[in-house]
Amino acid sequence: MKIDKIEIGHVSIPLKKPFKTALRTVTSAEDTIIMVRTDDGSIGYGEAPPTAVITGDTNGAVIGAIKENMEKVLVGQDISNLENIMQLLHKSVQKNSSARAAVDMAIYDLFGKLYNIPVYKLLGGYRDRVETDITVSVNEPEEMRKDAIDFASQGFTALKIKVGMDIDKDIRRVKAIREAVGNTLKIRLDANQGWMPKEAVRGIRKMEDAGLDIELVEQPVKAWDVEGLKFVTDNVETPIMADEGIFSPYDAFRILSARAADLINIKLMKCGGIYNALKIVSMAETCGIECMLGCMVESKLSVTAAAHLAGARKNITRFDLDTALLLAEDPVVGGVKVETPMLILPDAPGLGVDKIENLININHQ
């Protein structure tokens, strides 16, 4: 099974409701889909969402990196030589983490198909299902309260609350949600780099004193501010999670060695795919640090790839794989099965994705 070519398409999927964070507002998933074709007719599927404010990637950049660099070094490579392919892939471009992630997951899809085994079993097979949280976008406190009640009624047991716009208003947002859902649901906060270190400590301490029972706070400070992240971690009782501060295994090493965070959020689009994510998981486990598996605004395709990794490894203990549930349509045939709040992994070879409907071919545009 040798790589023959990489085809590229585009999907446009509206969201049920605008997705709002401290960094951006998104109304639809406008994602690049790739199909790695082999000489025996097999297809490996991958996906890259444009998340310029976080990864720096746009659809144009993803397409250029794949067609001008990655395809040239990968065509003719035998899928059975996974390590060599990954070395070529990750040396072919710098940055461009979403483009690398799309090709990476397509290669793992093909590797699983070659040996007739699901990717999660190939990588460890620890569990065959994961329980995702659901994201409450940042809005006025009353709207967020209503959204939280709605999600709780659907069966979700963990809410990820977007904050980071205004620390005092953020506290009111969290209070409104905690009062609405009671003490049975887990509440996770994601500030998306929105606070300054001392501001974060002040706000988190106020929430602790108010008994709001926050499970964790994700990336409270700027991605580059490792010292500020450590300051927050050292000065609050609530566990602090690094997210945008970790793109590569080396980034993880820096934060782990400095004990700058209590937890790590891994996203395939940040680290360049499953190959690098596995390195981060192993490093974190060695240091006694648990991981979350997260996602960007993605379709069920790349959420399925992330879920395979999440199912494979014991040290991934939290799951933020909800964006496919926020979309108004699902063009992905196959992949994970949703039984809210569970994502059930397919037992088919590879990722278990059969095809992508309504795919716009852009190979010749």
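The values are calculated or read from the model by the stated rules, or taken from the named source; none is laboratory data. Values in this document were obtained by computation on a predicted structure and should not be read as measured data. For neighbour counting, all protein chains shown are included, and Cβ atoms are generated from backbone atoms with ideal geometry for every residue, glycine included.
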Within segment 264-288, of all residues that are more than 25 Å from D57 (Cα to Cα) and among the aliphatic types (A, V, I, L, M), the one surrounded by the most Cβ atoms within 10 Å (Cβ to Cβ) is A284
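Yes/no per residue for (1) over 18 Å from F319 (Cβ atoms); (2) β-branched (V, I, T); (3) surrounded by fewer than 16 Cβ atoms within 10 Å (Cβ to Cβ):
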position	(1), (2), (3)
L123	no, no, no
E142	yes, no, yes
A148	yes, no, no
S153	yes, no, yes
F156	no, no, no
D166	yes, no, yes
R172	yes, no, yes
- Message: Tell me yes or no: at least one residue of segment 185-196 is among the hydrophobic types (A, V, I, L, M, F, W, C), farther than 26 Å from C295 by Cβ and without any contact (Cβ under 8 Å) to a residue 60 or more places away in the chain.
- Response: yes
Considering segment 1-48, residues that are in contact (Cβ under 8 Å) with a residue 40 or more places away in the chain and among the basic types (K, R), and then whichever is farthest from N361 (Cα to Cα), we arrive at K20
Exception for G245 within (1) of a type outside the set (A, V, I, L, M, F, W, C); (2) part of a helix (DSSP H, G or I); (3) under 14 Å from E218 (Cα atoms) falls at (2)
The condition from (1) assigned by TED's automatic domain parsing to the domain that holds D166; (2) farther than 26 Å from I344 by Cβ; (3) touching a residue at least 40 places away in the same chain (Cβ under 8 Å); (4) not small (G, A, S) that V136 misses is numbered (2)
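Give the residues of segment 238-250 that are over 23 Å from V136 (Cβ atoms) and either in contact with a helix residue (DSSP H, G or I) (Cβ under 9 Å, 6 or more places away or on another chain) or not assigned by TED's automatic domain parsing to the domain that holds L159 (or both), sorted by residue number. Steps first, please.
From segment 238-250, those over 23 Å from V136 (Cβ atoms) are 246-250; that's our starting set.
Listed by number, the residues that qualify are I246, F247, S248, P249.
Which of the residues that make up segment 346-365 are among the small types (G, A, S) and either touching a Gly at 6+ places or on another chain (Cβ under 6 Å) or in a strand (DSSP E or B) (or both)?
First pass over segment 346-365, keeping only residues among the small types (G, A, S): 348, 350, 352.
Residues satisfying the conditions are G350, G352.
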Margin query: So for segment 263-286 (the condition being over 23 Å from T304 (Cα atoms) and without any contact (Cβ under 8 Å) to a residue 24 or more places away in the chain), does at least one residue qualify?
Written below: yes
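Which residue out of L343, L325, L293 is farther than 22 Å from V36 by Cβ, part of a strand (DSSP E or B), more than 12 Å from the chain's Cα centre (by Cα) and of a type outside the set (S, T, Y)? Write out each step before concluding.
On the way: L325 fails: part of a strand (DSSP E or B); L293 fails: more than 12 Å from the chain's Cα centre (by Cα).
Matching residue, one of L343, L325, L293: L343.
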task = Would you check if there is a residue in segment 87-108 being under 18 Å from K2 (Cα atoms), without any contact (Cβ under 8 Å) to a residue 40 or more places away in the chain, out of contact with any Asp or Glu (no Cβ under 9 Å at 6 or more places or on another chain) and not assigned by TED's automatic domain parsing to the domain that holds R313?
result = yes
Given (1) modelled with pLDDT of 95 or more; (2) out of contact with any Leu (no Cβ under 6 Å at 6 or more places or on another chain); (3) within 23 Å of L278 (Cα to Cα), I79 misses just (2)
